Amino acid sequence: MPRDGTGIDVTRLRADTPGCARVLHLNNAGAALPPTPVLDAVIGHLRREAEIGGYEAADEAAERVQAVYASIARLIGAAPDEIALVESATQAWTLGFHAFDLREGDRILTARAEYASNVIAFLHLARARGVVVEVVPSDADGALDVEALARMIDARTKLIAVTHVPTNGGLVNPAAAIGAVARAHGVPFLLDACQSVGQLPIDVGAIGCDMLSATGRKFLRGPRGTGFLYVRRALLDRLRPPFLDLHSARWTGPRDYAIEAGATRFEFWESAVANRLGLGAAADYALAVGIVAMAARIGGLAETLRHRLAALPGVAVHDLGRERCGIVTFTVPGMTAREASARLRAQGINTSVSTAPFARWDMEPRGLAELVRASPHAYNTEDELDRFIDAVAGLGGGTRDG
């Protein structure tokens with residue numbers, strides 16, 4: 001079968017992706033089209049629950065569920081006991097963040113292009129406990145300034161929390177450089193990898209993060225309602241999970257309990273077994289295709305989109321960063337981003353919209369209220385990009401380049 005310059009068999013990817021026959025999907029930063037193995041894993045288990053019962057089906061699938069931890073660990077260069085399976089990236093990040101015993105005067109250092117959910121959690125803790133939230137300046141390209149980060153660290157700095165790939169653009173923050181600074185100063189580093197897992201190679205050891213949160217539904221192509229938290233083994237006993245139940249801890253005596261040894265201390269007993277199996281299938285599928293090759297293809301498609309969108313009269317591309325990834329944000333003259341995205345969807349083209357309340361610290365200083373967000377995956381084709389550019393041009397953005 002034909003392969004592109006990255007070695008990826010795009011024909012096979014599209015054959016494995018039923019949605020490709022129905023829609024031009026450029027909303028992979030929102031929720032990607034899952035491949036057939038993910039569908040089979042989820043639907044197959046739901047069918048089994050209907051046939052024999054939920055508890056019984058879970059018992060039957062116990063070894064396959066356990067294998068999901070190994071698959072996720074392989075995906076990010078971790079150990080299986082450093083992985084907790086949860087229901088979303090937000091839940092993963094929130095559980096990790098609130099496990100730190102931050103008190104009045106403790107400082108959190110974060111990035112300008114930080115996601116709203118994380119910032120709200122920072123501000124909530126600042127209001128409730130008096131912690132101090134400080135934003136590290138960006139460098140000339142818009143990424144977190146690592147030298148400024150190093151200068152800002154002092155004895156009161158208790159956490160560095162940064163989003164790897166912001167929701168509102170193609171910027172890739174320098175996670176490994178941030179990790180090196182964090183390690184040098186002995187400050188824990190929480191990395192939000194919601195948009196990077198599945199589209200970029202991730203190695204937690206090379207990055208040097210102590211915790212990492214991610215979702216299944218985006219570039220990893222897993223089901224909605226899935227996510228995971230990585231916690232470095234050496235940090236586990238320093239953390240206090242904000243919530244415990246009979247899965248994350250054991251009731252060892254009438255008035256005593258023991259917290260589980262591994263990262264499963266951040267899990268709860270009840271879970272969607274079918275979704276977890278789907279998450280494992282998504283990780284296995286990504287590993288089989290090859291993350292490095294997918295990153296090259298996704299990044300190449302995105303750079304093509306940026307170049308061709310910028311060539312349309314009046315269309316402005318707003319991505320920051322020296323290193324950029326598979327998220328492309330732009331505005332179309334004469335209409336809001338919501339209007340543009342809705343008109344594209346009416347033509348069978350999926351995009352999404354990023355608004356200032358998602359990333360106020362970044363968008364408002366740049367005078368941006370909302371952006372159209374197009375995010376290709378490895379299964380998208382050059383012909384689809386042609387169709388997309390023609391559609392954007394038809395919104396009032398001029399004619400497409402050759």
For region 1-75, just say rounded, prolate or oblate: build the C-alpha gyration tensor, square-root its eigenvalues into a ≥ b ≥ c, call rounded for a/c under 1.5, and beyond that prolate if a/b exceeds b/c, oblate if not. prolate
Which of the three applies to the chain, rounded, prolate or oblate, going by the alpha-carbon gyration tensor with a ≥ b ≥ c and a/c under 1.5 meaning rounded? oblate
Sorted on mean Cβ neighbours within 10 Å (highest first), peptides 122-135, 299-312, 358-371 come out as 299-312, 358-371, 122-135
In a Gaussian network model over the chain where Cα atoms closer than 10 Å are linked, find which of Ala161, Ala234, Ala143 has the largest mean-square fluctuation. Ala234
For region 39-288, averaging the sequence separation of alpha carbon pairs under 8 Å that lie six or more residues apart and dividing by its residue count, the contact order in percent is 27 percent
In deg cm²/dmol, rounded to 500, what helix-only [θ] at 222 nm does the chain give when every DSSP H run of at least 4 residues adds -39500 (n - 2.57) and the total is split over its residues? -11500 deg cm²/dmol
Going residue by residue through region 132-148, the Karplus relation 6.51 cos²θ - 1.76 cosθ + 1.60 with θ = phi - 60° gives ³J(HN,Hα) values, rounded to whole Hz and with x marking Gly or Pro, of 10, 9, 10, 9, 6, x, 8, 7, 5, 9, x, 7, 4, 7, 5, 5, 5
Mean-square fluctuation maximum in Gaussian network of the chain, Cα pairs under 10 Å, restricted to Asp40, Asp256, Asp319, hits Asp256
For the chain, set up a Gaussian network in which alpha carbons nearer than 10 Å are linked by springs, and say which option among Ala155, Ala41, Ala337 fluctuates the most. Ala155
How would Ser354, Ser71, Ser375 line up from fewest to most surrounding beta-carbon atoms within 10 angstrom? Ser71, Ser354, Ser375
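Any read-out appearing in this document is the output of simple, stated calculations on the displayed coordinates, not a laboratory observation. As the structure is a prediction and not an experimental result, all values here were calculated from the model. Backbone-built Cβ (ideal geometry, glycine too); neighbour counts: all protein chains shown.
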